[in-house]
Amino acid sequence: MEPWTDRTRLIGLALTMIVSALTISASLRTIAAARNRNAPVPVYFLAMGTAASATFYGGDAEKGAMIVRDAFEEVEAAASIFRAGSPVARLNAEGSVRLPQALPGRFDLAALLRRTLDASRETDGAFDPTVNPLMRLWGFRSGAPASEPSGEAVAAALARVGWTNVLISAAQGGDAGASATEVSFARPGMELDLGGIAKGAAIDYAFDKLRAAGFENFLLNLGGNIRVSGKPGVGRAEWHVAVRDPANPSQTTGQDVVLRSGEAVATSGSYERYVEIDGRRYSHIIDPRTGRPVGRQGSVSVIADTAERADALSTAFFVQGLGAADGSAAVSRAP
Ligand code: AMP
Ligand code: MG
């Protein structure tokens, strides 16, 4: 080894160490400054197959982020159809599943399933958590098909869809006194898909955990489902959330969604996820009446008292076309 190479390496190493030290001390100073001024400390991560963030205005952001990550993970482990062992995946594979009574402080999947069917009832079936056979048919669970599915194929998948065929009943649990919940399908080949409501439910679960741990001022965002707590800094009573332009999702529309402490907003749109079949785009939201992806472009944002309700209703309103002109971004309040 040439002596000058050694020297260069040593100098390089020293420089690297200086730069790292500077970077670390700079980020520590940023966090310290943020804490001092009660400025926001955002934490970004991935959860439930999408981008998540938690922004804290005061409090221990590191601890808060851990609470949020654990809460999202718990909901995903219960509700994901993509995790082989999850209760919902088992229901889909076996046609029925028995859910033991949720332990105190743990995520209650049976309660979410009951509220999910309430959302279907309230929206006359525009929100239908059994659309998975159609999601599969239109290419959202594997690759896109080479051509548009035939009318017969759509009818065959539709025969396996329908929220009124999800049966939820109380069952006797294993332990004395504990009541379990039995979930099953009235027709063969049905599948549950909580993709239109589970992110909102996860936000609410994390929200409650943070509040219980003493966090006051924060914003949670999971793939466009947002809920706020407290205030965004001293002297500010409201939160202002921008809406993505559905025609140009890297930009915002200029609409100003104002949220008060505890409120949530969710957006459903054609631009979020789609498949291309024969050069045409099909959105990931299915109209359960026709069995076809909603053809309309644009987005619907719904403000509600919980993220779960905002999530379910934004999906339903997009199906129903409530307030959304083609290509526009509609914002409404949950009834
Ligand atoms: P969101 O992004 O909240 O509007 O939810 C869209 C997701 O919900 C899709 O990716 C599907 O998993 C599922 N989904 C699609 N169509 C419907 C529908 N009509 N009702 C309920 N969930 C749906
Ligand atoms: Mg939704």
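A few remarks follow.
- A single member of Ile303, Ile285, Ile277 is touching a Ser or Thr at 6+ places or on another chain (Cβ under 8 Å) and more than 14 Å from ligand 2 (Cβ to nearest atom), and it is Ile277.
- Residue check, Phe185 within 12 Å of ligand 1 (Cβ to nearest atom) and touching a residue at least 60 places away in the same chain (Cβ under 8 Å): no
- Residue that is farthest from ligand 1 (Cβ to nearest atom), among those in region 281-321 that are assigned to a strand (DSSP E or B) and farther than 25 Å from Ser261 by Cα: Arg281
- Residue match in region 167-190 (condition: closer than 28 Å to Val265 by Cα and open to solvent by 20 Å² or more (accessible area, probe 1.4 Å)): no
- Any hit, region 135-156, residues being part of a loop (DSSP other than H, G, I, E, B), in contact with a Phe, Trp or Tyr (Cβ under 8 Å, 6 or more places away or on another chain), at pLDDT below 95 and not small (Gly, Ala, Ser): yes
- Residue match in region 84-99 (condition: modelled with pLDDT of 95 or more, open to solvent by 80 Å² or more (accessible area, probe 1.4 Å), within 16 Å of ligand 1 (Cβ to nearest atom) and not β-branched (Val, Ile, Thr)): no
- Residue that is nearest to ligand 2 (Cβ to nearest atom), among those in region 306-328 that are over 19 Å from the mean Cα position of the chain (by Cα) and touching a residue at least 40 places away in the same chain (Cβ under 8 Å): Gln320
The values are calculated or read from the model by the stated rules, or taken from the named source; none is laboratory data. Just so it is clear, the model here is predicted, and its values are computed rather than measured. When we count neighbours, we look across all protein chains shown, and the Cβ atoms used for this are built from the backbone with ideal geometry, even at glycine. In case anyone asks, the SASA skips ligands and DNA or RNA and just uses the protein heavy atoms, side chains included. Shrake-Rupley method; radii C 1.70, N 1.55, O 1.52, S 1.80 Å.
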